[in-house]
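Asks: The structure under discussion is supplied below as structure tokens; questions concerning it will follow.
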Amino acid sequence: MIVLSVDYGDTRTGLAVCDKLEMLASPVGVINEKYEPHVLEKVAFAAEKNKAELIVVGLPRNMDGSFGPRAEKCTQFGKKLEELSGIRTVMFDERLTTVSAHRALNDVNVRGKKRKEIVDAVSAVMILEDFLKTRS
């Protein structure tokens, strides 16, 4: 099944997709947009373009497992995205994915503006990889 993952942010939203066999997660890109309705449209378009059969939206839970304001915002985004796209959308715990993405980019010496441009897509890949692990 082709799955699109979304790392939804206030300024940038990272996207990643996996192949039909769910073996390889690849970055799709980053949406540089703050206005939520435009972000929703662009994510829905990316899902359609990539023939996604499922959308996974990262759910930023607190370290103690509780839900904060950001988690609520992402949950509402996921509901709106499912309504707009017509594709089943699920929430998936994304704790520490951005931290892990920054570490991975440190390991390959990606710094500055380039890092800012891709960290959200790398986070989306990590969310998708973790999601796929739970399915196998």
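Asks: Filter the trypsin sites (Lys or Arg not before Pro) in segment 1-74 down to the DSSP loop ones having no more than 13 other Cβ atoms within 10 Å, then list what survives.
Replies: Sites meeting the loop and neighbour criteria: Lys20, Lys34, Lys51.
Asks: Another question, if that's okay. How high is the FRET efficiency between Lys51 and Lys73 when r is their beta carbon distance and R₀ equals 25 Å, given to the nearest 0.05?
Replies: My answer for the efficiency is 0.35.
Asks: Taking the Cα centre as origin and putting +1 on Lys and Arg beta-carbons and -1 on Asp and Glu beta-carbons, what dipole magnitude results for segment 42-84, to the nearest 20 debye?
Replies: 160 debye
Asks: Could you work out how far the C-alpha centroid of segment 1-63 sits from that of segment 117-136, in angstrom?
Replies: Taking the Cα centre of segment 117-136 as reference, the centre of segment 1-63 is 10 Å away.
Asks: Which value, in debye to the nearest 20, gives the size of the charge dipole of segment 1-99 about its Cα centre, when Lys and Arg are +1 and Asp and Glu are -1 at the Cβ?
Replies: 80 debye
Asks: Which length gain, in nm to one decimal place, applies between Thr134 and Glu83 when the Cα-Cα distance is subtracted from 0.36 nm times their residue separation?
Replies: 15.9 nm
Asks: Which number do you get for Rg(Cα) / (2.2 N^0.38 Å) in segment 16-59?
Replies: In units of the globular-protein estimate, segment 16-59 measures up at 1.20.
Rule-based calculations on the coordinates, nothing more; no lab input. Everything quoted here is computed from the prediction, not taken from an experiment. Methodologically, a virtual Cβ is constructed for each residue, glycine included, from the backbone with ideal geometry; neighbour enumeration extends over all protein chains shown.
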